[in-house]
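Encoded as structure tokens, the structure appears first; notes follow it.
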Amino acid sequence: MKLTRREKTMIGALLIVLLAAVFVLVLRSFSSKLDAKQAELDELKVTSNGIRSAVESVDKMRSEIPVLQDGTKSLKSQFYSVQKNRQFDANITSLADRCGLEPVSLTVGDSANGSIEPYVSFDENEGAGEEAGYIWSNTAQLTASGTEEELYTFLDSIAADPALRVSGISYEAPTRSGGNAEYEIDLVIYMYDKGETA
């Protein structure tokens, strides 16, 4: 059977259409795979950027550790070493006595790791050979009687001691000028412990 020229042309055109269809199908398959790989690559880039920024923040934190340690070391000279409550009793009541106040009672809480924010100041010239340590805090409530002048003298003494902070005062004004009143003074006591553990 002999094909006419027209039939040959039609068969050729049909083959071209079939080849084009196969090419389009293959191209679509590759395109969807390429899109999936591109999405995977984008996800890996996001993960990689996250890891890179985490590593950079770790490096930054590592560089901050010596600065923080130096800052903590510079604080220890300002604070009491860790003491027992009876030592605070003796220190605070004797300070009140020296200022003219008459101590009525003193309650001292339990020591705990304390906040050092009020004292943070980093001195870059601080020696690097000192030991690291931990800041502890304690609370105390002193009840004492005396005049307002004696109270102000006591508060000035507290302000001059960086290891003590007044966190609250309550009292009723004396009935007559220059008369005695009973004062309740809340204190925060800061201590330095150069032990191995907090």
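The values are calculated or read from the model by the stated rules, or taken from the named source; none is laboratory data. A quick note: this is a predicted structure, and the numbers were derived from the prediction, not measured. So basically every Cβ, Gly included, is an ideal-geometry build from the backbone, and we count neighbours across all protein chains shown.
Exactly one of these conditions fails for Leu142: (1) assigned to a loop (DSSP other than H, G, I, E, B); (2) at pLDDT 75 or above; (3) in contact with a helix residue (DSSP H, G or I) (Cβ under 8 Å, 6 or more places away or on another chain). Give me its number.
Condition not satisfied by Leu142: (1).
Picking from Ile92, Ile135, which residue would you name as being at pLDDT below 80, surrounded by 10 or more Cβ atoms within 10 Å (Cβ to Cβ) and outside any loop (DSSP other than H, G, I, E, B)? Write out each step before concluding.
On the way: Ile92 fails: at pLDDT below 80.
Answer to the selection: Ile135.
Say we look at the range 171-198 and pick out the residues that are small (Gly, Ala, Ser) and over 16 Å from Thr153 (Cα atoms); which of these is modelled with the lowest pLDDT? Reasoning before the result, please.
Taking the range 171-198 and keeping what is small (Gly, Ala, Ser), we get 173, 177-179, 181, 195, 198.
After this cut, where a residue has to be over 16 Å from Thr153 (Cα atoms) as well, the list is 173, 177, 195, 198.
Details: Ala173: 72, Ser177: 65, Gly195: 51, Ala198: 37.
Checking each candidate, the answer is Ala198.
Show the residue pairs that are 6+ apart or on different chains and have beta-carbon atoms under 6 Å apart, the first residue being within the range 45-65 and modelled with pLDDT of 80 or more and in a helix (DSSP H, G or I), the second being loosely packed, with under 10 Cβ neighbours inside 10 Å and of a type in the set (Asp, Glu).
none
List every residue pair whose Cβ atoms lie under 6 Å apart, where the two residues are 6 or more positions apart in sequence or sit on different chains, the first residue falls within the range 139-166 and is over 14 Å from Thr93 (Cα atoms), and the second residue, located anywhere, is β-branched (Val, Ile, Thr) and not in a loop (DSSP other than H, G, I, E, B).
Sorted first by the residue in the range 139-166, then by its partner, the pairs are Thr139/Val188; Arg165/Val188; Val166/Ile158.
Determine, yes or no, whether Leu155 is closer than 14 Å to Val188 by Cα, surrounded by fewer than 18 Cβ atoms within 10 Å (Cβ to Cβ) and either at pLDDT 85 or above or acidic (Asp, Glu) (or both).
On the way: closer than 14 Å to Val188 by Cα: yes; surrounded by fewer than 18 Cβ atoms within 10 Å (Cβ to Cβ): yes; either at pLDDT 85 or above or acidic (Asp, Glu) (or both): yes.
Against the criterion (closer than 14 Å to Val188 by Cα, surrounded by fewer than 18 Cβ atoms within 10 Å (Cβ to Cβ) and either at pLDDT 85 or above or acidic (Asp, Glu) (or both)), Leu155 qualifies.
If you go through the range 95-129, how many residues are polar (S, T, N, Q) and at pLDDT 80 or above?
Adding up the residues that qualify gives 2.
Any residue in the range 1-12 that's in a helix (DSSP H, G or I): show its pairings with residues that are of a type in the set (A, V, I, L, M, F, W, C) at Cβ separation under 8 Å, as long as the two are six or more apart or on different chains.
If the second residue must be of a type in the set (A, V, I, L, M, F, W, C), the pairs left are Ile11/Leu3.
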